[in-house]
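Notes for the one structure printed next.
Rule-based calculations on the coordinates, nothing more; no lab input. Computed from a prediction, not measured in an experiment: that's the story for all the values here. Note that we place each Cβ from the backbone using ideal geometry, even for glycine, and neighbour counts take in every protein chain shown.
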Amino acid sequence: MSPVNDTTFTHAVFLLTGLPGQEDVYPWIAIPFCLIYAILILGNSIILFVIKIDSSLHEPMYIFLSMLSIIDLGLSIATIPTILGVFLFKLREISFNACFAQMFFIHFSQCTESSVLFLMAFDRFVAISNPLRYTSILTLPKIAMMGLVCVLRGLAFILPLPLLLKRYRYCQDNVLSHSYCLHQEVMKLACADITVNSIYGLSGSLLTMGLDAILIFLSYVMILKTVLSIASRAECLKALKTCASHLCIVLIFYSPEISLSVIHRFVNSPSHLLQIILGYIYLLVPPLMNPVVYSVQSTHLCVRLIRLLVK
């Protein structure tokens, strides 16, 4: 394969990878992706619609869930059509600018979702540790401000990633390991010293998602301390049950993210198939499971969904 010509930067392309060696069954492989895409769009849209029309759901926890749904919808629209293009029409080429834009949306969405997960942990901490002041602490203006800070923090940390990559020449192999663009993948194809990108990418991950994970952990340490001080065992279980859905989503979100980051940065010869599978899990499972987990765990939301469906 001929290298990418740096003199035609705006017309140069990266080549996306589907599942190597399975090209003959790509249309069949596309079927589950189409179903996931449809379920993901429908599920998150229904969550947003129900929360919007039902004033009893205009509470901090459900507002934060709405933020997650908006982020997941944006991430899905920015990435899954590209994946389906590879499997359905074998459209492997993606321009540099389109790749950098998609990369930005993926990492921005992940960073912002991590921030919202921390806000949800803070919401549970306030609800359990200081229930009498819950409504006065988490007012709508404060929640709106928190959401804005999450977005601005994501922009501040993620926007430099594609801008730094655009400085480089890409004259080596232009084949990416996934059906979409990730910073860790693209920077390895540059014909230059990528130390700055590598350090910035790792530092940014630690200062955003790493810090959020630590704060979420500390929030649950404090929640557990509060719960253990409750005399009634039934009240302890009830308090912990309110955290179950959030804990499930945190585990679903961070597990593939950490695994994929470790493989890209610290494993010299990782299994190519393992990279691809983890990449799809990293991209598709959290936005698919978020509405499912919260609908199952939240009786209030589940009742509203059933009422909407039976009408």
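Label-to-label distance for E93 and S232 is 6.8 nm, based on points extended 7 Å past Cα in the beta-carbon direction.
Computed over region 21-310, relative contact order equals 23 percent, with contacts defined as Cα pairs under 8 Å that lie 6+ residues apart.
The modelled label-to-label distance between A101 and L35, using points 7 Å beyond Cα along the C-beta direction, is 3.2 nm. Ordered by the number of other Cβ atoms lying within 10 Å of each residue's own Cβ, fewest first, T226, T82 fall into the sequence T226, T82.
Of the chymotrypsin sites (Phe, Trp or Tyr not before Pro) in region 45-132, not one is in a loop by DSSP (not H, G, I, E or B) with at most 11 other beta carbons within 10 Å.
For L218 and A144, a Förster radius of 25 Å and the Cβ-Cβ distance give a FRET efficiency of 0.55, rounded to the nearest 0.05. Annotation: amide H of L91 within the under-5 Å range of V86, sequence separation 5 or more or interchain, hydrogens built in the peptide plane. Say R0 is 51 Å: what FRET efficiency, to the nearest 0.05, do R169 and K52 get from their beta-carbon distance? In this case the efficiency is close to 0.60.
Between V292 and L202, the FRET efficiency from the beta-carbon distance, with R0 = 41 Å, is close to 0.80. By the helix-only formula, in which each DSSP H run with n ≥ 4 contributes -39500 (n - 2.57) and the sum is divided by residues, the chain has a 222 nm mean residue ellipticity of -25000 deg cm²/dmol. Sparse packing (at most 14 other Cβ atoms within 10 Å of the Cβ) combined with a DSSP loop state is found for the following trypsin sites (Lys or Arg not before Pro) in region 104-177: K166, R167. Simple point charges give the picture: +1 on the Cβ of Lys and Arg, -1 on the Cβ of Asp and Glu, and for region 21-310 a dipole about the Cα centre of about 600 debye.
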